[in-house]
Amino acid sequence: MVARGGAAAVVLILIFVPDNHQSMEFVFTEKFNNSGFAGGDNNGLAFWFYILPLGFLLTQYTITGFDACAHVSEETKGASLAAARGLWRSIFYSAIGGWILLLSFLFAATNVDAVNEAGGFSGAIFESALTPFFFKAVIIISTIGQFFCGMSCVTSMSRMTYAFSRDRAVPGWTLWSKVDRNGTPVNAIIGATVAGLILTLPALYKSSAGIPVAFYAVVSVAVIGLYLAFLIPIALRLRMGDRFVPGPWTLGSKYKVLGWISVIEIAVICVYFIMPIVPAGVPGNDEFSWSAVNYAPIAVGGVLLLVAVWWYASARKWFTGPRRTIDEADGPEVEQPVA
C-alpha cells in the first residue's frame with residue numbers, strides 16, 4: 001500500500017507541477033540511441049533487434065515481484081487459490097500502474113540533454129522538471145518506496161531460503177533452516193542478505209562507460225535468475241501434458257499456448273540480458289574495460305555451475321524432493337524444522 005501510494009503521489013506531482021510537458025508524438029514515437037552501438041542509428045536493424053529489446057529489462061525487472069505470492073504461500077490461508085489469484089493480480093496491477101508511472105516520467109522529460117548527460121538516470125528528469133521542493137519530495141517518496149520494496153524482497157527471499165533448506169536442497173541446510181523462538185529464520189535472512197550485498201557491491205564502482213553498468217548487471221542477474229526458476233515448472237508442465245493433475249486453479253486447455261509463449265519469451269530475454277550493454281563491454285573492442293562488462297552471465301553461469309557440481313557430486317545421491325511437513329491424519333499442523 002505504501003509503495004502504491006507513493007507511486008500515485010509521484011505521478012500526480014509530475015502531472016501538475018512541471019510548467020511544460022512533452023507532446024504525445026515525442027512520448028510515443030521519438031527514439032534515442034545513446035548506447036554507442038550502431039553509430040547512433042535509430043532505424044537500423046541493430047536498433048530494432050538489439051538496442052530496443054535491451055530496454056525491456058526495466059519492464060521485466062519491474063514485474064518480478066509477483067512471485068512473492070508463491071514464496072509466502074505456506075503462510076497463506078487457502079493458498080491453492082489465494083496464491084494463484086495474487087500472482088495474476090499483481091502482474092495485472094503492476095503492468096497498468098507501471099505503465100502510467102513510466103508515461104508520467106516521459107511526459108515530464110522536457111530537458112532531453114540533461115537526461116542524456118546523466119546516462120538516462122530518472123533523477124535528471126525530476127531535477128530538471130520540478131522545483132527544488134518537489135524534486136526532494138519525489139526523491140524521499142522513492143527512497144521510502146524502495147525501502148519497503150526491499151523489505152518485501154527480504155521477506156520472500158528468507159522464506160525461499162528457509163523452505164529450500166528445510167527440504168535439504170541447499171548446502172549448509174542445517175544452518176539456514178534454524179528458526180528462533182519466534183519462528184523466524186534469522187540465519188536464512190542474514191545469509192541471503194549478505195549474499196545479495198556481495199552481488200551488488202560492484203554497483204558502487206563507477207564504470208568507465210559513464211552509466212551504472214554494474215547496476216544493470218545486477219538487475220539482469222535478478223531477472224535471469226528469477227525467470228529461469230519460473231521456466232522450470234512451466235517446461236515440466238508442458239512435458240507432462242495430460243498426465244498432469246491440475247489443482248483448484250488451472251488454465252485449462254490454454255496452458256499449452258501460454259506455456260510455450262512463456263518458454264520462448266524467457267529464452268529470448270535471458271539471451272538479451274547477458275549481452276554487453278555498451279561497446280566498452282565487448283571483449284576485443286579498442287575501448288574495452290572490465291568496469292563496463294555486464295557480469296550477469298558470469299554470476300548466473302557461476303551459480304549454475306556450482307549447483308551442477310554439487311548435484312552430481314553429492315545431492316543426487318540422497319535428495320528425494322520436498323519433505324512432507326503436514327500429517328493428513330492429524331490435520332494441518334506444521335512441524336518446526338529440526339534446529
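Between N182 and K317, the modelled label-to-label distance comes to 4.1 nm, taking each label 7 Å out from Cα in the direction of the beta carbon. 3J(HN,Hα) along segment 78-83: x, 4, 4, 10, 5, 5 Hz, from the Karplus curve 6.51 cos²θ - 1.76 cosθ + 1.60 with θ = phi - 60°, whole Hz, x for Gly and Pro.
Computed from Cα positions, the angle between helix 255-272 and the longest principal axis of the chain comes to roughly 60 degrees. Roughly what angle does helix 296-313 make with the longest principal axis of the chain, taking Cα atoms, 0 to 90 degrees, to the nearest 10? Long axis of 296-313 versus the principal axis of the chain: about 10 degrees. Per-residue ellipticity at 222 nm computed for the chain from its helices equals -18500 deg cm²/dmol, with DSSP H segments shorter than 4 residues left out and the rest contributing -39,500 (n - 2.57). For segment 188-202, the Karplus equation 6.51 cos²θ - 1.76 cosθ + 1.60, evaluated at θ = phi - 60°, returns couplings of 5, 5, 5, x, 5, 5, 4, 4, x, 5, 4, 5, 8, 3, x Hz by residue, with Gly and Pro reported as x. Recomputing volume of the Cα convex hull per residue in Å³ from the coordinates shown identifies the correct label among [x] 119; [y] 181; [z] 164 as [y].
Against the chain, whose longest principal axis comes from its Cα atoms, helix 213-240 is set at around 40 degrees. Summarising the label geometry, the points placed 7 Å from Cα in the beta-carbon direction at F56 and F288 lie 2.8 nm from one another. Straightening the chain between T155 and V27 buys 42.4 nm, computed as 0.36 nm per residue apart minus the Cα-Cα spacing. Against the empirical 2.2 N^0.38 Å (N residues), segment 229-271 has a Cα radius of gyration ratio of 1.18.
Between V213, V112, V223, which gets the highest mean-square fluctuation from a Gaussian network model of the chain, Cα cutoff 10 Å? Per the Cα network of the chain with a 10 Å cutoff, V112 tops the list.
Please check: in the Gaussian network model of the chain (C-alpha springs, under 10 Å), which one of T174, T161, T320 has the largest mean-square fluctuation. Evaluated over the chain, the most mobile residue of the options is T320. In terms of Cα atoms, the Rg and Dmax of segment 109-217 work out to 19.4, 56 Å. On a per residue basis, segment 156-214 carries 58 Å² of accessible surface, using protein heavy atoms and a 1.4 Å probe.
Where in segment 16-36 does the label zone of T131 land, with the point 7 angstrom along Cα→C-beta and an amide N cut-off under 14 Å? In segment 16-36, the label zone of T131 (backbone N under 14 Å from the point 7 Å along Cα→Cβ) covers 16-20.
The values are calculated or read from the model by the stated rules, or taken from the named source; none is laboratory data. All of these numbers come straight from a predicted model, not from anything done at the bench. Glycine gets a Cβ as well: all are built from the backbone with ideal geometry, and neighbour counts include every protein chain shown. Accessible surface is based on the protein model in full, side chains and every heavy atom, while ligands, DNA and RNA are left aside. Shrake-Rupley method; radii C 1.70, N 1.55, O 1.52, S 1.80 Å.
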